[in-house]
Amino acid sequence: MDSWLHGSPSALKGKRIFRLGLAANYGIDEHGVRASMERGVNTFLWTARGKGLKNPLREALAKKRDDVALIGFAQIGWFGWGVRRGAEALLRELGTDYLDTYLLGWLGVGAAWSSGTERELVHLRESGKVRSIGVSIHDRPRAGKLAESSPLDLLMIRYNAAHPGAEREIFPHKRDRTPNILAYTGTSWRKLLKKPRGWTGEVMSAGDCYRFQLSNPNVDLAVMGPASEAQMNENMDGLAKGPLSADEEKWMREFGRAVHG
């Protein structure tokens, strides 16, 4: 695969990663997960809802831990004690001694950024149980402030052709390459895969959606959530087109505006 799809974000401590990660909470089974690994995917987002991921992930962590990047969520993100216990429980469940990244999920709705949660995240990083810390967040202005001044290593944000607001409200606030950016909702919940009313041009594929995300130099990682091995393969095949050309980017932005309405 082209070199643009491999990188070593500082949040993952120098690991050579495939820049499109996998979440299994939309239905991909174990065979599909293993097939993604064979195609080079080595970054995995653990949400506890993807049954197909657990066994292949545990096997990969046991056999080649240095080649796998594991991103986990705090299941109780409102209190410091919940953040700490959640990380320790996840380590036991997956049979590993550290998480590459540990996130507070959906900040402001499912988790809180408080002195208690910040303190425990930093302590977990200092202890070595997690190598980097981050949050997932939809509030772009708040994410911009966290990018300017916080101990976070990674922000997981919504960014796609229909929702490019991070370009104005988050990316300009980054401190050089920190925090790293993990983009999700690449297909805008599949809205970008359908022709909006009045649109007469070409429609984006899922692979195009991930190419849009990863072609932005501020985006370090993106994550896909395929429902099947076939969808995963379609995504991976689409990435083979490489970074967007100027004409492709113009078309996708116009299409994204039409989808957004």
What single numbered condition from (1) closer than 26 Å to E126 by Cα; (2) in contact with a helix residue (DSSP H, G or I) (Cβ under 8 Å, 6 or more places away or on another chain) fails to hold for R92?
(2)
Condition first: in a loop (DSSP other than H, G, I, E, B) and more than 16 Å from A162 (Cβ to Cβ). Now tell me which residues in segment 201-219 satisfy that.
P217, N218
For segment 157-170, which residues satisfy the criterion of being of a type outside the set (D, E), touching a Phe, Trp or Tyr at 6+ places or on another chain (Cβ under 9 Å) and free of Cβ contacts under 8 Å to residues at least 60 places away in the same chain?
I157, R158, G165, A166, I170
Restricting to segment 52-79, name every residue that is more than 19 Å from L154 (Cα to Cα), touching a residue at least 24 places away in the same chain (Cβ under 8 Å) and in contact with a helix residue (DSSP H, G or I) (Cβ under 9 Å, 6 or more places away or on another chain).
G52, L53, K54, N55, P56, L57, R58, L61, D67, F79
Checked pairs for segment 114-135, first part of a loop (DSSP other than H, G, I, E, B), second of a type in the set (S, T, N, Q), C-beta under 6 Å and 6 or more apart or across chains, list as S132/T101
Subset tally (residues that are surrounded by fewer than 15 Cβ atoms within 10 Å (Cβ to Cβ) and either at pLDDT below 95 or of a type in the set (D, E, K, R) (or both)) for segment 150-181:
5
Any chance E167 is closer than 16 Å to R140 by Cα, of a type in the set (D, E) and part of a helix (DSSP H, G or I):
yes
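The values are calculated or read from the model by the stated rules, or taken from the named source; none is laboratory data. Computed from a prediction, not measured in an experiment: that's the story for all the values here. Backbone-built Cβ (ideal geometry, glycine too); neighbour counts: all protein chains shown.
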